[in-house]
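The values are calculated or read from the model by the stated rules, or taken from the named source; none is laboratory data. Predicted model, so just to flag it, every value in this text is computed and none were measured. Cβ atoms come from the backbone with ideal geometry, glycine included; neighbour counts cover every protein chain shown. Heads up: the accessible areas ignore ligands, DNA and RNA and are worked out on the full protein's heavy atoms, side chains in. Shrake-Rupley method; radii C 1.70, N 1.55, O 1.52, S 1.80 Å.
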Amino acid sequence: SILDVPETDPFDVARQAAEQIAEKTGVEKHDIALTLGSGWGKAADLIGETVATIPATEVIGFRKPALTGHVGTLRSIALPSGKRALVIGARTHFYEGHGVRHVVHSVRTAAAAGASVMVLTNGAGGIKPHWQAGTPVLISDHINLTASSPLEGATFIDLTDLYSTRLRELAKTVDPSLDEGVYVQFRGPHYETPAEVQFAKTIGGHIVGMSTALEAIAARQAGMEVLGLSLITNLAAGISPTPLSHAEVLEAGQAAEPVISALLAKIVGL
Ligand SMILES: Nc1nc2[nH]c(I)nc2c(=O)[nH]1
């Protein structure tokens, strides 16, 4: 795709994508953008009224996920506050091997569409043993083990308070019981070995996943405020003596969906 051409400026492609979104949705500016990872999909229906839904493949720079084949969508939602939300249902994972520009294109597009807040959600493995499957956790910081960056050239940007303290405090006014954790992004697509989970724990990680960190860096580069939330769908490898069955993981995730989607809707509505 056009993003694979080295001379292409990814920010130009993001601007073109934002123009196409404005044209196709009829919404000139979006104030907040959300990427809904596994378990968070229902939030889109709860945060407000969907004004338009467009197939992501109709917008420049978005890819059709080869393996799953399902075309992701981009949804424009009118929030009760009058603000506009752009829900990105077309996340590209780093492990798909299309390069980091594709991983962060949706974030850059959201910024070009006007969004000043980027909500990044995901399904992940938990290292804290008391986190049951189905627990939502605020991301307080990340450790990027992908050995990659979305930044190109001498773009030295500061990442302190990357996961906005203000937005985390706001989230806690909705649910004071929300815990926090440091998210570790592995390349994947394999899950971690028990030894790798212990390594992640030793270096200060609490959550293991395969997304989010690269997207958050790009969001900061675009000047957006970031809120990150993980749904702990399973205890990371080796943490639980009796590993959850896949069925239990799916069940826990499905049971949590309405709860965490309502939580996210309340936070977005603030
Ligand atoms: N890396 C990693 N990603 C995940 N995504 C989900 I859902 N569970 C996991 C996990 O245990 N490890």
Task: Among (1) open to solvent by 30 Å² or more (accessible area, probe 1.4 Å); (2) under 18 Å from the mean Cα position of the chain (by Cα), the one test that GLY126 misses - done: (1)
- [ ] Answer yes or no as to whether TYR183 is open to solvent by less than 50 Å² (accessible area, probe 1.4 Å) and either more than 14 Å from the chain's Cα centre (by Cα) or modelled with pLDDT of 95 or more (or both).
- [x] yes
Task: Of all residues making up segment 88-101, the number that are closer than 29 Å to ALA78 by Cβ and away from the ligand (no atom under 16 Å from the Cβ) - done: 3
Task: Flag if SER81 is surrounded by fewer than 23 Cβ atoms within 10 Å (Cβ to Cβ) and over 20 Å from the mean Cα position of the chain (by Cα) - done: yes
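Identify all residues within segment 116-131 that are part of a strand (DSSP E or B) and within 13 Å of the ligand (Cβ to nearest atom); write none if there are none.
Residues of segment 116-131 part of a strand (DSSP E or B): 117-126.
THR121, ASN122, GLY123, ALA124, GLY125, GLY126 - these are the residues of segment 116-131 that are part of a strand (DSSP E or B) and within 13 Å of the ligand (Cβ to nearest atom).
For segment 164-270, which fully contained helices (runs of 4 or more DSSP H) count at least 3 residues that are in contact with a strand residue (DSSP E or B) (Cβ under 9 Å, 6 or more places away or on another chain), more than 14 Å from the ligand (Cβ to nearest atom) and among the basic types (Lys, Arg)? Spell out the reasoning first.
On the way: elements: 165-174, 194-202, 213-221, 246-269.
Where helices (runs of 4 or more DSSP H) fall fully within segment 164-270 and carry at least 3 residues being in contact with a strand residue (DSSP E or B) (Cβ under 9 Å, 6 or more places away or on another chain), more than 14 Å from the ligand (Cβ to nearest atom) and among the basic types (Lys, Arg), they are 165-174.
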Task: Only one of SER106, SER38 that is away from the ligand (no atom under 16 Å from the Cβ), polar (S, T, N, Q) and in contact with a helix residue (DSSP H, G or I) (Cβ under 8 Å, 6 or more places away or on another chain) - done: SER106
TODO: Taking only segment 2-53 into account, find how many residues are open to solvent by less than 70 Å² (accessible area, probe 1.4 Å), part of a loop (DSSP other than H, G, I, E, B) and not aliphatic (A, V, I, L, M).
DONE: 10
Open item on the list: Checking GLY134 against (1) more than 26 Å from THR53 (Cβ to Cβ); (2) in contact with a Lys or Arg (Cβ under 7 Å, 6 or more places away or on another chain); (3) within 16 Å of the ligand (Cβ to nearest atom): exactly one of these is not met. Which one?
Closed with: (2)
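Kindly evaluate THR146 against the criterion of being polar (S, T, N, Q), assigned to a loop (DSSP other than H, G, I, E, B) and touching a strand residue (DSSP E or B) at 6+ places or on another chain (Cβ under 6 Å). Break it down into steps so the answer makes sense when it comes.
On the way: polar (S, T, N, Q): yes; assigned to a loop (DSSP other than H, G, I, E, B): yes; touching a strand residue (DSSP E or B) at 6+ places or on another chain (Cβ under 6 Å): yes.
In short, yes.
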Task: Pair list, Cβ < 7 Å and 6+ apart or interchain, from segment 88-112 residues that are in a strand (DSSP E or B) to residues that are open to solvent by 20 Å² or more (accessible area, probe 1.4 Å) - done: GLY89/LEU36; GLY89/THR73; GLY89/ARG75
